[in-house]
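Taking it in order: structure first as structure tokens, then the write-up.
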Amino acid sequence: MVNILAFESSCDETAVALLEIPDDINIQNINPHKLKFTHKLHSQIDIHSQYGGVVPELASRDHIRRIKPLCEEVLNSANKKISTIDYFAYTQGPGLAGALMVAGGFASALAYSLQKPIIPVHHLQGHILSPLLSDTPPQFPFIALLISGGHSQIYKVEITIDKNNQPTPEYTLYGESIDDAVGEAFDKSAKLMGLPYPGGQHLEELALTFCPNNSAEKNQSPRKLPRPMINSGDFNMSFSGLKTALWHWVRESTPADYPKIASEFQNAISEVLVRKSLAVCKAQKINRLAVCGGVAKNKFLFNFFQKSCEKENCQLFFTPFEYCTDNGVMIALAALYHINSAQKPTGEFKVYPQWAINS
Ligand code: KG4
Ligand code: ZN
């Protein structure tokens, strides 16, 4: 049995997870039922909502307050002593510099004092691998649609053999948003309709009041929002113009119309995301599509993807609800894939606020 203790503090969630791995694990074909996770997190939504967005300095300070108690809670509920940890892991980037320093510093100090190896983790790799935590995980290779507050990207994820002769996932980017991320478009559009931060979930709830059963057909409104770049012929996307079109509609409307606008917004986003990600599946001849990141919590989007993938004969994998937004479990899982390149603890560490995924 191998134990990995992972720390995440890249934005506005402090998260700690313990992953217990049986010795016979096959990382090329993970059976999530064989992995044991114990995890805790603290969300800073209450702190930042009064400012309408994340305040980096407040985020860092709160991570410092939370990380040690969360670590103790995880160890206590798993009934483990810190001395039983074999590897420490932390999110090295991308994210807010000051916030990243907290998990980096905490994990490095523990690893150094206990002389245990340390594994720096790329935050997006955590999100992209999180569909593997679902009851029926995708086989490699698969296409991953990452839709979070900071990123909207479509990757091919495959297992390759690295220079140490070890299997390792490789991520090839095929398309991304050229401006706003999907979560960002949700949050900003929600704000334009007077909803609290972060607005994604509130916008979804508002749309549900227009169409309680969440069906795409019933959601149709005579007035349409644009489907930006849907026929661009490549796999890139754009969401900032959609937000501007929504703003014009909102200005010409009363709050009674907002549920209709919110549901048309979800229709527009879903159509673009489905079209682009299925186009990558087709081009790569891979019929497995995995959806991850905070926006993957959206049930309307899930229904939309389910229907479209059924039609196109593509297998769909959504990340389990609790692992869509930032969490420590996805960081521990990504660390498992880098166990062979774990570093000797030196007490020093680096963070990368911007960081290419395969570097
Ligand atoms: O993955 P995540 O926790 O953070 C980043 O790494 O960026 O994603 C947060 C994003 C926010 O923009 C939030 O509004 C969005 O996920 N989100 C949703 C829903 N739940 C969270 N967007 C749409 N519908 C939801 N139900
Ligand atoms: Zn994230």
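What follows is calculated from the coordinates using simple rules that are stated; it is not laboratory data. All figures in this text were calculated on a predicted structure; none of them were measured in a lab. Cβ coordinates were reconstructed from backbone atoms using ideal geometry, including for glycine residues, and neighbour counts include every protein chain displayed.
Against the longest alpha carbon principal axis of the chain, how many degrees, from 0 to 90 and to the nearest 10, is the axis of helix 240-251 turned?
With both axes taken from Cα atoms, the answer is about 50 degrees.
If you take the alpha carbon radius of gyration of the range 287-359 and divide it by 2.2 N^0.38 Å, what ratio comes out, to two decimals?
1.50
Evaluate the range 188-273: find the radius of gyration of its Cα atoms, find its Kirkwood radius, and give the ratio Rg to Rh.
On the way: Rg = 12.5 Å, Rh = 13.1 Å.
Result for the range 188-273 is an Rg/Rh of 0.95.
Kindly express, to the nearest 10 degrees and within the range 0 to 90, the angle between helix 200-210's C-alpha long axis and the longest C-alpha principal axis of the chain.
30
Just subtract the alpha-carbon distance of Asp46 and Asn340 from 0.36 nm times their residue separation and send over the number in nm, one decimal.
Result: 101.9 nm gained on full extension.
Roughly what would the spin-label model give for Asn165 and Lys224, points 7 Å off Cα along C-beta, in nm?
Here the answer is 5.8 nm between the modelled labels.
Compute the acute angle (0 to 90°) between the alpha-carbon long axis of helix 97-114 and the principal axis of greatest extent of the alpha-carbon atoms of the chain; round to the nearest 10°.
20
Report the residues of the range 300-315 in range of a label on Gln139: point 7 Å along Cα→C-beta, backbone N strictly under 16 Å from it.
Within reach of a label on Gln139, which here means backbone N under 16 Å from a point 7 Å along Cα→Cβ, the range 300-315 contributes 314-315.
Taking every DSSP beta bridge that has both residues in the chain, what percent is antiparallel when rounded to the nearest 5?
65
Over the chain, what is the mean sequence separation of C-alpha contacts under 8 Å (at least six apart), divided by residue count, expressed as relative contact order in percent?
Over the chain, the number comes to 25 percent.
Using just the helices of the chain, give the 222 nm mean residue ellipticity in deg cm²/dmol: DSSP H runs with n ≥ 4 each add -39,500 (n - 2.57), and the total is spread over all residues, rounded to 500.
-12000 deg cm²/dmol
What per residue convex hull volume, in Å³, do the alpha-carbon atoms of the range 46-91 yield?
Measuring per residue, one finds 95 Å³ for the Cα hull of the range 46-91.
In the range 1-70, which chymotrypsin sites (Phe, Trp or Tyr not before Pro) fall in coil by DSSP and have 10 or fewer other Cβ atoms within 10 Å?
When the chymotrypsin sites (Phe, Trp or Tyr not before Pro) of the range 1-70 are filtered for loop state and at most 10 Cβ neighbours within 10 Å, Tyr51 remain.
Distance cut-off 32 Å, Cα to Cα: go down the list Lys81/Lys350; Lys68/Lys191; Lys156/Lys188; Lys68/Lys344 and report the pairs above it. Working shown, then result.
Details: Lys81/Lys350 27 Å; Lys68/Lys191 34 Å; Lys156/Lys188 29 Å; Lys68/Lys344 22 Å.
Checking Cα-Cα distances, Lys68/Lys191 exceed 32 Å.
What list of whole percents do you get for P(r) of the range 230-359, with Cα-Cα distances grouped in 10 Å bins up to the one holding the largest distance?
Histogramming the range 230-359 at 10 Å steps yields 9, 28, 31, 20, 9, 2, 0 percent.
Which semi-axis lengths, in whole Å and largest first, follow from the square roots of five times the eigenvalues of the Cα gyration tensor of the chain?
They are 35, 24, 17 Å, listed from largest to smallest.
In terms of Cα to Cα distance under 20 Å, which aspartates and glutamates are near enough to Lys285, apart from those fewer than 8 places away along the same chain?
Straight-distance partners of Lys285: Glu158, Glu170, Glu176, Asp234, Glu310, Glu312.
Please list, or write none, the aspartates and glutamates whose alpha carbon is within less than 14 Å of the alpha carbon of Lys243, excluding same-chain residues fewer than 8 places away.
Reachable aspartates and glutamates: Asp179, Asp180, Glu184, Asp187, Glu264.
Assign unit charges at the C-beta atoms only (+1 for Lys and Arg, -1 for Asp and Glu), then state the dipole size of the chain relative to its Cα centre in Debye, rounded to the nearest 20.
Working: 32 positive and 34 negative charges, 59 e Å.
Roughly 280 debye for the chain.
Might you list the cysteines of the chain that have no disulfide-compatible partner by the rule of another cysteine's Cβ under 4.7 Å?
Cys11, Cys71, Cys211, Cys281, Cys292, Cys324
Can you compute the modelled spin-label distance between Arg251 and Asp24, with each label point 7 Å from Cα toward Cβ, in nm?
6.5
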